[in-house]
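The values are calculated or read from the model by the stated rules, or taken from the named source; none is laboratory data. Remember, predicted model here, so these are calculated numbers, not experimental data. Counting neighbours? That spans all protein chains shown, and the Cβs are built from the backbone with ideal geometry, glycine included.
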Amino acid sequence: MHHHHFAYSESERRSRQDPEAILNSLGLKPGMCFVDLGCNDGFFTLPAAKLVGSSGQVYAVDVDDTALSRLEIKLKNENINNTHVIHGPAETTDVCEGCADIVFLGMVLHDFSDPLKALSNCSTMLSDSGIVYDYDWKKQASQFGPPYEIRFSKEYVKQLASLANLKAISELDYDDDFYLIKLRSINGE
Ligand SMILES: C[S@@+](CC[C@H](N)C(=O)[O-])C[C@H]1O[C@@H](n2cnc3c(N)ncnc32)[C@H](O)[C@@H]1O
């Protein structure tokens, strides 16, 4: 599915959204294992790869071959070697079991065909102390972004999460447009 908010360029997008600042606010650090679920062409993947560095790992997962090819080219151009690009659905693609320090859902949960199944899959990939971050459009009308109808409210995400064995440990309004929900496994530390 293609939404109009993807029609603009990376620099236009960066003028409204700072991926490094967002990733820093998640506590992403050198050496961590980061899963970018629904990565598209890597708006968050590349900054994450640079942040975790050579001692860290990034897994970038999407179903869009064209976007993944663009991502591969960017990784190659920037000489980034810690990132695994994986073609597969968020619902069933396990990059690992219990390895992820952070599973990141960047403006994407509402796009998955089965968001609940995708969240359960996040739960499988998390390490004991791992965190799922759902960063997404607030459920409100706005000039940019997906139509109101398809957006998920924070309350809805928390409901889905609880069915996927995840509990919300914090939720905040990241800015006027986006919220950030922090989830961890009910069975985790
Ligand atoms: C709005 S984009 C967000 C991409 C990225 N996180 C970003 O911020 O640039 C949504 C992405 O989800 C991907 N997608 C949709 N359904 C998917 C699924 N079931 N499994 C994996 N990726 C999916 C699309 O191909 C698209 O690249």
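What do you reckon, is K74 part of a helix (DSSP H, G or I) and not polar (S, T, N, Q)?
Working: part of a helix (DSSP H, G or I): yes; not polar (S, T, N, Q): yes.
So K74 fits the description; yes.
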Discussion item. Being part of a loop (DSSP other than H, G, I, E, B), out of contact with any Ser or Thr (no Cβ under 8 Å at 6 or more places or on another chain) and either under 17 Å from K182 (Cα atoms) or more than 7 Å from the ligand (Cβ to nearest atom) (or both) is the filter here; which residues of region 89-119 pass it?
Written reply: T92, T93, V95, C96, M107, V108, D114
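Quick check: anything in region 106-126 under 21 Å from S55 (Cβ atoms) and surrounded by 14 or more Cβ atoms within 10 Å (Cβ to Cβ)? Write out each step before concluding.
Looking only at region 106-126, we keep the residues that are under 21 Å from S55 (Cβ atoms), and these are 125-126.
Among the residues that remain, those that are also surrounded by 14 or more Cβ atoms within 10 Å (Cβ to Cβ) are: 125-126.
Yes, that holds for at least one residue.
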Discussion item. Every residue in region 127-161 that is under 18 Å from the mean Cα position of the chain (by Cα) and of a type in the set (S, T, N, Q), please.
Written reply: S127, S129, S153
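Being of a type in the set (A, V, I, L, M, F, W, C) and within 8 Å of the ligand (Cβ to nearest atom) is the filter; apply it to region 39-68 and report the residue that is nearest to L109 (Cα to Cα). It would help to see each step written out before you state the result.
Applying the first criterion (of a type in the set (A, V, I, L, M, F, W, C)) to region 39-68 yields 39, 43-44, 46, 48-49, 51-52, 58, 60-61, 63, 67-68.
Filter again for within 8 Å of the ligand (Cβ to nearest atom), leaving 39, 43-44, 61, 63, 67.
On the way: C39: 11, F43: 16, F44: 15, V61: 13, V63: 14, A67: 17 Å.
Once the filter is applied, the top-ranked residue is C39.
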Fill in: Residue list for region 146-189, filter: touching a residue at least 40 places away in the same chain (Cβ under 8 Å) and of a type in the set (K, R)
R151, K182, R184
Worksheet item: How about region 142-159: which of its residues are modelled with pLDDT of 95 or more and away from the ligand (no atom under 13 Å from the Cβ)?
Response: Y148, E149, S153, K154, E155, Y156, V157, K158, Q159
Response to the item:
Residue hits (region 69-85; within 12 Å of the ligand (Cβ to nearest atom) and either buried (at least 20 other Cβ atoms within 10 Å of the Cβ) or in contact (Cβ under 8 Å) with a residue 60 or more places away in the chain (or both)) are L71
Worksheet item: For region 11-38, how many residues meet the condition of being under 12 Å from the mean Cα position of the chain (by Cα) and within 12 Å of the ligand (Cβ to nearest atom)?
Response: 7
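Regarding D41, is this residue part of a loop (DSSP other than H, G, I, E, B), crowded, with 16+ Cβ neighbours inside 10 Å and within 15 Å of the chain's Cα centre (by Cα)? Before you say what the answer is, go through the steps one by one.
Working: part of a loop (DSSP other than H, G, I, E, B): yes; crowded, with 16+ Cβ neighbours inside 10 Å: yes; within 15 Å of the chain's Cα centre (by Cα): yes.
For D41, the condition - part of a loop (DSSP other than H, G, I, E, B), crowded, with 16+ Cβ neighbours inside 10 Å and within 15 Å of the chain's Cα centre (by Cα) - is met.
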Worksheet item: What are the residues in region 120-162 that are of a type outside the set (S, T, N, Q) and in a helix (DSSP H, G or I), if any?
Response: C122, M125, Y148, E149, I150, K154, E155, Y156, V157, K158, L160, A161
